[in-house]
Structures are given as structure tokens and as C-alpha cells.
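Have a look at the structure below, then the notes.
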Amino acid sequence: MLFNNFGLTFYDKKRATPGFTLFAPINHNTAYLINIDGKIVHEWELQKGGNNLSTLLPNGNLLITELTDEGPALPAGKCGWLREYSWDGNIVWEHHDENQHHDARRLPNGNTVYLAWNKLDDKIAKKIKGGRVGTEYHLDGESIFEDVLREIDSDGKIIWEWHSSALDMDRYTICPLCKRHEWAHANTCAPLPNGDIMVSYRVLNLLIIVDRRTSKVKWEYHDQDLGHQHDSHILDNGNVLVFSNGWHGKDINFSRIVEFDPKTKEIIWEYRGKPALSFFSPHISGMQRLDSGNTLICEGSKGCIFEVTPSGDIVWEYVSNFWTENPLHGNVNWIFRAQRYAADSPQIQNRA
């Protein structure tokens, strides 16, 4: 197929949600803010290339994860630097953790929670089931890393941790098509208003909520048809919204956006492409429910950001033309996530 339309490719002015969209192409040296016409209105020059998370804080500063040269060279999600840039592009806060990966969030109390790796000892690692035999990460022999939720204060002091090795390894099995180097490839840590944290484990097709006070798992959703999901979070209405990638799923080999009731697990709303395979990103990706009721979707592996109505009509689409070199896949225009902000929001404050 021809894939040569970039920038703003479609805009329904009557139904699209006004605002500014933030995205940082993976391993690119700049983060961009574009207006509804697809024009760059602001940008931040980065130190080591944006990798995964990028978001605007209520004060308008950019919080972003960037790459470090230190630490394990696991093939997906590696970051290592958490940096906060002012609107003018100055670094006002940073934290280095060579094991940090994928996601991070600034909490209301000023602390920061993020995902990190931790090498498991051999006794615990032997309990892990599933995955492709012989695909452990090689570091002083065969190794498996667990995921850690880590909360730090503004000085970088660790004040709370939760380890994925606390999960029941007899109950959850790594997808047989995935590598065994991680237990269990967390890609999302989404704080809830009460302080609990939702975590998405890609290779387990598992969502959980960790009780921040007791460090116990208080809720879970385990479904192979999540297809190695990303960006799970709780909406204002209490439902869960998740990007179901459709990769290694039981019966589904295309992507979906799924909103479901966390108590009954009933699907309340779903978006699929028309035809279904026209919407497919096997990795990264995410979505945001907008105040208008529309949903902004980041189809990450295509570098495509688009907005859909509740009835599934596409009303805005933008395709990134910013390319970086990936050692396995060549030139890519990947985007981990995208966020839209209203012009009068605290993040923008009519500055763009």
C-alpha cells in the first residue's frame, strides 16, 4: 500500500475537538505541540531523545522519559532519565535510574511514580512459566527481570516500591510467543484519584490495581484477547479504557479501543477500524477520552494520531513525518502516546 500522506490528513471542523496535541516521536530529539490544523506551535529540544512517556504538567512543563546508556539493554521500553522541562525548554528537574522504563507519572503531592526493572534471583526466576525457551536476558548467565513500581520524592529518594514478583507466578503465564527476559513487561502505571495504581502487564494480558496503602492487588482483569495491551486507565465515569493491541490474541488480530465496567467486565464501548485491519498497532499506542466525548487515539506503530466520535466516525487525523532509525525495524515514525489539551487548560494557558 502507499503510505505517503503525512501531517494533517483529515479534519471535520464541526465535530473535532479543539485543542493542542502533544507527542514525542520515539528516539527523536524533539517533542512537539501541534494545533488542530496540524501546525507545530511549540517544541522542546531534548537531551537524549524522547522515549515513551511525554505529558504536560498542570504548570505547563513537559515531563518526559529519555534514554540512558547505562543499565540493562532490554529491547523494548528502555529509558533511564526522567526530565521536566519548562515551557521555555530549560531542565528544571531530572532523575536518573538506569532501570527505568516505559511509563512515569507526576503525583498530586509532587512525587513521581515510574516503572523500573529489577534482576530476579535464580530461585524466584525458576518459578516463571511460559515464554520461549532460551530467551532469557544474558547478564552473568541467564537472567529474568521483574517490573517494579517505584515512587520517589522531588529529591529522588525512594519512598515506596512494589514488585511484580508479588504476583502469583503459578497463576499467570508468559505468552508462549514472547521472550522470557521480563516478568512481566509492564508498560503502564496509571495513578487513580485515591492513590492506588493501575498497571498493565503486556506479556501476561493482565491489568491490575495495586492498593497504595496495603501493597495488595485489589482488582485484576486477565484476558488473552487484550492482545498485549497498553495505556489502561480509569475514566471519570469509573470505567476502564484500554488500547487492545490485538497481538498474540486468542481470536483477534487487529487493534481495538475497549471501555469496560471494572466490576462486571462488560464492554460498554468499543472502537474498531472499518475494515478491522485498517486499525492495527501491535505495540506501543494509547488513547485519551476527550471532554467532548470523542476519543483521541495514538496508533503508535504507524505514527498516526486520530480522533473518533462515540459512533466511531473519524473526525481528525494526523500522521507524523518525523523518522528515527530503529536497529531492528529500520526507519520508523513511532509514537508511544499522544495527549490533547484545551487552549484554556492549565497546561496551555493560552500560550500556544
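The values are calculated or read from the model by the stated rules, or taken from the named source; none is laboratory data. Bear in mind the structure is a predicted one, so any value in this text is a computation, not a measurement. With ideal geometry, Cβ positions are generated from the backbone for all residues, glycine too; neighbour counts draw on all protein chains shown.
Out of Thr112, Thr135, I need the residue that is hydroxyl-bearing (Ser, Thr, Tyr) and more than 22 Å from the chain's Cα centre (by Cα). Which one?
Values: Thr112 fails: more than 22 Å from the chain's Cα centre (by Cα).
Within the list Thr112, Thr135, the selection yields Thr135.
Residue by residue, here is whether (1) closer than 21 Å to Lys78 by Cα; (2) in a strand (DSSP E or B); (3) hydroxyl-bearing (Ser, Thr, Tyr) holds:
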| position | (1), (2), (3) |
| --- | --- |
| Lys179 | yes, no, no |
| Met198 | yes, yes, no |
| Ile208 | no, yes, no |
| Arg213 | no, no, no |
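Considering each residue of the stretch 237-251, count those that are surrounded by fewer than 18 Cβ atoms within 10 Å (Cβ to Cβ) and either touching a Gly at 6+ places or on another chain (Cβ under 6 Å) or of a type in the set (Asp, Glu) (or both), and give that number.
Selection size over the stretch 237-251: 1.
Where in the stretch 291-352 are the strands (runs of 3 or more DSSP E), entirely inside, with at least 2 residues that are among the basic types (Lys, Arg) and surrounded by 12 or more Cβ atoms within 10 Å (Cβ to Cβ)? Spell out how you get there, then give the answer.
Details: elements: 295-299, 304-308, 314-319, 324-326, 330-332, 335-341.
Strands (runs of 3 or more DSSP E) meeting the threshold: 335-341.
Take Ala184 and tell me if it is closer than 18 Å to Pro75 by Cα, crowded, with 20+ Cβ neighbours inside 10 Å and either in contact with a Phe, Trp or Tyr (Cβ under 8 Å, 6 or more places away or on another chain) or at pLDDT below 95 (or both).
Numbers: closer than 18 Å to Pro75 by Cα: yes; crowded, with 20+ Cβ neighbours inside 10 Å: yes; either in contact with a Phe, Trp or Tyr (Cβ under 8 Å, 6 or more places away or on another chain) or at pLDDT below 95 (or both): yes.
Judged against the criteria, Ala184 is a match.
Name the residue, out of Leu226, Leu192, Leu235, that is in contact (Cβ under 8 Å) with a residue 12 or more places away in the chain, out of contact with any Asp or Glu (no Cβ under 9 Å at 6 or more places or on another chain) and within 15 Å of Gly286 (Cα to Cα).
Leu226
Just the residues that are in contact with a Ser or Thr (Cβ under 7 Å, 6 or more places away or on another chain) and closer than 14 Å to His102 by Cβ, please, taken from the stretch 174-200. Spell out how you get there, then give the answer.
Step one: of the stretch 174-200, the residues in contact with a Ser or Thr (Cβ under 7 Å, 6 or more places away or on another chain) are 179-181, 183-184, 186-188, 190, 198-200.
Within the stretch 174-200, Ala184, Ala186, Asn187, Thr188, Ala190, Met198, Val199, Ser200 meet the criteria.
Quick one: which strands (runs of 3 or more DSSP E) lie wholly within the stretch 39-126 and hold at least 2 residues that are buried (at least 21 other Cβ atoms within 10 Å of the Cβ)?
Ranges flagged: 40-56, 62-67, 80-85, 100-106, 112-119.
Please indicate, with yes or no, whether at least one residue in the stretch 162-176 is in contact with a His (Cβ under 8 Å, 6 or more places away or on another chain) and either more than 24 Å from Arg83 (Cβ to Cβ) or surrounded by 17 or more Cβ atoms within 10 Å (Cβ to Cβ) (or both).
Narrowing the stretch 162-176 to residues in contact with a His (Cβ under 8 Å, 6 or more places away or on another chain): 172, 175.
Okay, now just the ones that are also either more than 24 Å from Arg83 (Cβ to Cβ) or surrounded by 17 or more Cβ atoms within 10 Å (Cβ to Cβ) (or both), so 172, 175.
Yes, the stretch 162-176 has at least one match.
Just checking: which of the strands (runs of 3 or more DSSP E) contained wholly in the stretch 228-289 hold 3 or more residues that are over 15 Å from Gly312 (Cβ atoms)?
Working: elements: 230-234, 240-244, 256-260, 267-272, 286-289.
Passing ranges, in order: 230-234, 240-244.
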